[in-house]
Every structure is written in C-alpha cells, then in structure tokens.
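Student: Quick one: the structure is below, questions incoming.
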Amino acid sequence: MSRTLKRGSPPRRGAPRRKQKPPRRSFGDRLLEWLQISEETLRRAVTWTIVLAASVLLIVAATWIGIPGMVGTAIAEGAGRAGFRVEQVEVTGLKRMDKMTVYAVALDQQSRAMPLVDLEEVRQKLLRYGWIEDAHVSRRLPDTLLVQIDERSPAAVWQDNGQLTLIDAKGVLLEPVSADALPALPLLVGEGAAAQAPAYQALIDAAPALRPRIRAATWIGNRRWNLLFDTGETLALPEQGAQRALVKFAELDGADRLLGKGFLRFDMRDPTKLVARKPGEVVRHDVAPAASPSPIASDAAGTGENG
C-alpha cells in the first residue's frame, strides 16, 4: 500500500543538534592576552633574544679557540645593527647630582652595540664622582641601559683657605658651594677637617643637647677641636678625651647656664678644669668628678691660648 501525504502537513523533525563547544584556546594565546602584547611583538622579542644569545656564544667561542678579536667585534657590531644597540639610558636614584653627567658617562662608549658595552667600566667611571656612593648598571634589551644610583647625602660644609665644599658624613667631597647659598649644615673649618668628619659626628652625638647650638667647629693643629656656639662663645676641647669634656660642659651648662652669659671663651683642655674668660676676667671651675663646679680663682688677665 502506498502512503498518501496530505498537502500542508509539516515534515518530520529529526533529532535536535548538539551545541558545539568553542575551540579551547592554547596556553600561549591566553599568555599573550594576559601580557597584552601582540603575537608579532612576541615573535620579534624572541628573534632578538636568539640573535643576541647566538652573538654572545659566537664571541665566546671565537675567544676560546683563538680567533682574532676583530671577528668577535664584527659579530657584536652585527648584533648592534640588528637592533641590539644602546639608544636610551634610564637613570634612577638621583636627587642632587646632574643627570646629564650620568648620561654622558653611560653613552661614552667606543661602540654602542649591546654586547660590547662594558657595564663594570661604566660603573667604575660613575664611582669617580663624589655624589655617587654606588652604582648598578644593567641592560634591558634591545636598546636601553639601566643605571641605578645610590647617592650620598651632604652632612657638613668644609671651609679651607676660603673655599667651601659640601661633604658627606664620611668626609667625602661632594661639590663646591657658595657662601650666599650655604645649607643649614655644620661648618667644619681648617686643613684636614673634612677627613675628621666621622670623628666630629661621634663627638657631637655624645652631647645631643648642644648639637643645635654649635655653629662651627675648627680643627686645630690637626689634633683637636674648637667649637663655636650660636651665642658667640668658643669652647676649646682637649686632644684626648674630647667627648668626655664636651659631655661635662653640657652638664655644667644644663645645671647653671653658661652660654649666653657674656663669656668669650671656655677652655677644657685640662679635663679637670673649666676656664671661662670674660672681658678682663678669667674664672676657673673645678670639674673633677668628685667636686662640684664652684669657682676657685679669678684673674684679671686672659689666657690667650690658641693651641
């Protein structure tokens, strides 16, 4: 029997189709998306890295088997022409030193091809400048030198023969400074005073109450200090036991104010005595540990001692 299809009847539906899952992305595709770089950029970076690595290996191999240095240099220059050439210098860590000086040192190369840049030589050149305590030089491929500077901090001003120079806490010379632009730093005066900067810092650390009152310190005879206070008096300290003498003077000033009372000069070169001079008068105080600071003598003449 034949089956008759009625006109207008809907065709029979087949089984429903399964939804196809989107193709899984590879790890490389996801990495590129995360890094937000194009595949072409990544391909170029890989190519540059391979070229540089191959160039370095060829130079090392040429040196090891004794091929003349000109061949290795030619290979390195080829890497430079391929894009591995210093075009930029990034400097960090500077606060006071001129950046252009660092740029000039970093770019002062016989060749700017990356394999031929001597990073340690650049570092040693930078260390010749007083402001630079340390430097770290590295490459960032394909065309950048990175220079990280550890800069010194000024701690005092050294005056010698009328010349003023900024120095750090170790006495390293930083740069000249003019008299009308002096920073609010201690003033060390005299030949050899800069080299004594660490000893001076230890000295005033022993008597912190007096630190803000000290205007200048003069290194006398390459052996001892004279301190000038903001009230105009000078304190002569001994060659030996200067810290103990300064601490004792701070105690006396704290107990019975000495500064700002019209004295011209205090002398503690004898560690058991404080000699205080006023115009036309000298007063001596016993400062031995077992004695109280009471006056024991008064003279009409000054000491006149400078040594």
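Student: Within a Cβ distance under 10 Å of ALA155, other residues only, what is the Lys/Arg minus Asp/Glu net charge? Let's see the in-between values first.
Tutor: On the way: positive: ARG152, LYS170; negative: ASP168.
After counting each charged neighbour, the total is +1.
Student: Let me ask you something else. Relative to a virtual label point 7 Å from the Cα of LYS170 in the Cα→beta-carbon direction, which members of region 99-136 show backbone nitrogen distances below 13 Å?
Tutor: From region 99-136, the list is 127-135.
Student: Another question, then. Using the reciprocal of the averaged 1/r over all distinct C-alpha pairs, how large is the Kirkwood radius of region 206-268 in Å? Don't skip to the answer; put the middle values down first.
Tutor: Values: mean 1/r = 0.0850 Å⁻¹.
Evaluated over region 206-268, this radius sits at 11.8 Å.
Student: Also, I was wondering about something else. Applying the Karplus parametrisation 6.51 cos²θ - 1.76 cosθ + 1.60 with θ = phi - 60° to the phi angles of region 260-267, what ³J(HN,Hα) value in whole Hz is obtained for each residue in order, glycine and proline being reported as x?
Tutor: x, 9, x, 6, 9, 8, 10, 10
Student: In a shell of Cβ-Cβ distance under 13 Å around PRO198, excluding PRO198 itself, what net charge do Lys and Arg (+1) and Asp and Glu (-1) give?
Tutor: Working: positive: LYS170; negative: ASP168, ASP205.
Spelling it out: positives minus negatives among the neighbours equals -1.
Student: Also, quick follow-up: Among residues other than LYS248 whose Cβ falls under 14 Å from its Cβ, what is the net charge (Lys/Arg +1, Asp/Glu -1)?
Tutor: Details: positive: ARG244, ARG269, LYS273; negative: GLU251, ASP253, ASP256, ASP267, ASP270, ASP286.
Once positives and negatives cancel, what remains is -3.
Student: Between VAL287 and residues 5 or more places away or on another chain, which pairs have amide H atoms under 5 Å apart, with H built 1.01 Å from N, and which residues are they?
Tutor: For VAL287, the qualifying residues are LYS273, LEU274.
Student: Still on this model: Can you bin region 232-275 into rounded, prolate or oblate? Criterion: square roots of the alpha carbon gyration tensor eigenvalues sorted a ≥ b ≥ c, rounded for a/c under 1.5, prolate for a/b above b/c, oblate for the rest. It would help to have the intermediate numbers written out before the result.
Tutor: Working: a/c = 2.19, a/b = 1.43, b/c = 1.53.
Oblate is the answer for region 232-275, as a/c is 1.5 or above yet b/c matches or exceeds a/b.
Student: Quick one: which of LYS99/LYS170; LYS170/LYS273; LYS95/LYS125 span more than 21 angstrom between C-alpha atoms? Intermediate results must be reported in sequence, preceding the final value.
Tutor: Details: LYS99/LYS170 24 Å; LYS170/LYS273 32 Å; LYS95/LYS125 19 Å.
LYS99/LYS170; LYS170/LYS273, as the Cα separations exceed 21 Å there.
Student: Now for a separate question. Whole angstrom only: what separates the Cα centroid of region 208-278 from the Cα centroid of region 101-150?
Tutor: Here the two parts' Cα centres lie 47 Å apart.
Student: Length gain on complete extension for the stretch ASP134 to LEU94, per 0.36 nm per residue less the alpha carbon to alpha carbon distance? Before the final figure, lay out the partial values.
Tutor: Values: separation 40, 0.36 × 40 = 14.40 nm, distance 1.15 nm.
Stretched fully, the ASP134-LEU94 segment lengthens by 13.3 nm.
Just so you know, all these numbers are worked out from the coordinates, no wet-lab data involved. The shown structure was predicted, so the numbers you read here are calculated from the model rather than taken from an experiment. Don't worry about glycine lacking a Cβ; one is built from the backbone with ideal geometry, like all the others, and counts go over all protein chains shown.
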